[in-house]
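Presented below is the structure to which this report refers.
The values are calculated or read from the model by the stated rules, or taken from the named source; none is laboratory data. Treat the numbers as computed from the prediction; the structure is a model and nothing was measured. Methodologically, a virtual Cβ is constructed for each residue, glycine included, from the backbone with ideal geometry; neighbour enumeration extends over all protein chains shown.
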Amino acid sequence: MAIQSLYTLWDDIEHFDLGDSEATAAEWQGHKGLYLEKMNAAVFLREELPFTSFRLKAEVAIPHKVGFIGFIFGAVDAQNYELVYLAPVEIQYDPIMNGSMTWQIYNGVRYQKALPDTTGVWQKLAVEVHPNGAFVYLGDDSEPKLILTKLQHGGEPGKIGFWSFLHSYIRDLSIEQIEPKPLNESGADLYQQETGLADTTVREWRLSEPYLRGENPPAEQRWLKAKVEENGILNVNRWFAAEPGSTVEARSIIRLPSNQESVISFGFSDHLRLWINDHEIYQGSWKWNPPSSDGRISPDFYQVVVKWRAGENSIRAEVAQSENFGWGLTLRTGLNDVLPIFL
């Protein structure tokens, strides 16, 4: 028998840990609910769920032109959890990693869905969560607006709750146990089908420990072996907390049978310096700066011709962050006959 709980969120908020959200009971457009206005505010249900497949549903509202409101699930702790939310003109999957948002990393059709303007009215938002993925619904539509074929925190059970960024409302949160629902294809397979993710993407890096931007990395340190996400992006947030000015160095080595020339393409957020065989070929910034840039990482952000030599070739990148929306790098070599080197 399905287990269901219902919270009005205006007279039963004692069941939730409000943290520093400063959430308050309020009324908007004739309906009572909970009002939130802080940035990156997370509220967790104190009681853990006893099941792994469930539906979260609530009425939410974004009263102004800017605001974000959605659901937390699969929370490992207060700094690491799954997150999907309604934005003014889209639904976005944005897993929080080491305290940072990651929407600049998880962008595109697998992670976001464009919508008409959703502001100024109450909206029904729901997410059906399963160990291997999730389905996101809006309004009374029986078809999901977004299907998440991979949950970045592994799909393990964890606390649930809700989240907001700037002005928003939420009311009548229900939690219902549901039957497991299969997802037929992996996120990596779907992403490759839809984007043609090339084999020339560098898929494994050695990653330094963080240091401050403008300084040199320590001469002696522990290097991590870091693989890219299914979309080809090296997600630094997965490994380290993003403090102001945090910087890492990422290294990779490829081996070629002969001298070659190719066009490499890459994308990043927020600041990058890039060297091939210790020759600096790029230095620049790409971050949230509307309307000119949104900082989302794309492999085709920049292209440059590179001359490679026979034998080993080094790729070295310094990736720095200045805002907590996503810290990472993706790079395609444009080479098809690379001999693998396992770092």
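For the subset of segment 83-100 comprising residues that are of a type in the set (A, V, I, L, M) and over 18 Å from Gly155 (Cα atoms), which member is surrounded by the most Cβ atoms within 10 Å (Cβ to Cβ)?
Within segment 83-100, the match that is surrounded by the most Cβ atoms within 10 Å (Cβ to Cβ) is Leu86.
Please go through segment 114-140 and give me each residue that is modelled with pLDDT of 95 or more and not in a strand (DSSP E or B), ordered by number.
Listed by number, the residues that qualify are Leu115, Pro116, Asp117, Thr118, Thr119, Gly120, Val121, Gly139, Asp140.
Please enumerate the residues belonging to segment 48-82 that are surrounded by 16 or more Cβ atoms within 10 Å (Cβ to Cβ) and basic (Lys, Arg).
Arg55, Lys57 - these are the residues of segment 48-82 that are surrounded by 16 or more Cβ atoms within 10 Å (Cβ to Cβ) and basic (Lys, Arg).
For segment 284-329, which positions are in a loop (DSSP other than H, G, I, E, B) and out of contact with any strand residue (DSSP E or B) (no Cβ under 9 Å at 6 or more places or on another chain)?
Hits for segment 284-329 are Pro290, Pro291, Ser292.
Quick one: count up the residues across segment 40-77 that are free of Cβ contacts under 8 Å to residues at least 24 places away in the same chain and either in contact with a strand residue (DSSP E or B) (Cβ under 7 Å, 6 or more places away or on another chain) or under 17 Å from Tyr93 (Cα atoms) (or both).
0
Could you list, in sequence order, all residues of segment 221-245 that are farther than 20 Å from Gln152 by Cβ and not basic (Lys, Arg)?
Gln221, Trp223, Glu243, Pro244, Gly245, listed by residue number.
Would you mind stating whether Val338 is at pLDDT below 95, among the aliphatic types (A, V, I, L, M) and surrounded by 17 or more Cβ atoms within 10 Å (Cβ to Cβ)?
yes
Could you tell me whether any residue of segment 23-39 is of a type in the set (Ser, Thr, Tyr), in contact (Cβ under 8 Å) with a residue 24 or more places away in the chain and out of contact with any Pro (no Cβ under 6 Å at 6 or more places or on another chain)?
The answer is yes; a qualifying residue exists.
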